């Protein structure tokens, strides 16, 4: 764990840290498992509807060197939470199996049951090794049952899922703008998770836009014409 804040604290700012995650924890209690590292974990248990930023995770640089792990995990945040200007990199080129890991994926920014929180200008950079697109499950941005959050100017590249959305995340299109999910296998991936209100993230879309979200951009790996993935990664890295 890089930095962890837990419980109902009055004020916290986690700014301008350089965090390198290279160690996983082997648990021998019960079934043997591996706990992946987390760069910044912020957990609150109290919702306050006052639009004053009191809890910030801003301008941190996090390098994940392990095959599983999380850059930033923001749990149970509200309108007072801001996650802005952070850069997360997945630097491992290992294709080893993540079987036995408690979390079997890599995640840049994870919004876990937040309400009206603010996520701006965060960048998640993925793999230089093109074989990892299929070998390693990875999310640039992961939103889990976090309605009415604002996502603006975030970027994710060279990752299997650019923006992965699960469960009830009801919002509106002006809340999700100017995000760039480029060079991912699945730039935008939405699941309602059997929520009572199906497709709860679809309201950000313009029904006349043919599936393209307004002001958000992506360049899908599948849209590179006759180039295969290896050639594509090499061509844009020159």
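Every read-out reported here was derived from the displayed coordinates using simple, explicitly stated rules and does not represent laboratory data. Computed from a predicted model, the values in this text were never measured in an experiment. With ideal geometry, Cβ positions are generated from the backbone for all residues, glycine too; neighbour counts draw on all protein chains shown.
Here are a few things to note about the model shown:
- When all alpha carbon pairs of region 64-107 are counted in 5 Å bins from zero, the resulting P(r) reads 5, 18, 24, 19, 15, 10, 7, 2 %.
- Seen from all directions on average, region 56-138 presents a Cα convex hull projection of 5.5 nm².
- Relative exposure of 149, 114, judged by other C-beta atoms within 10 Å (fewest first): 149, 114
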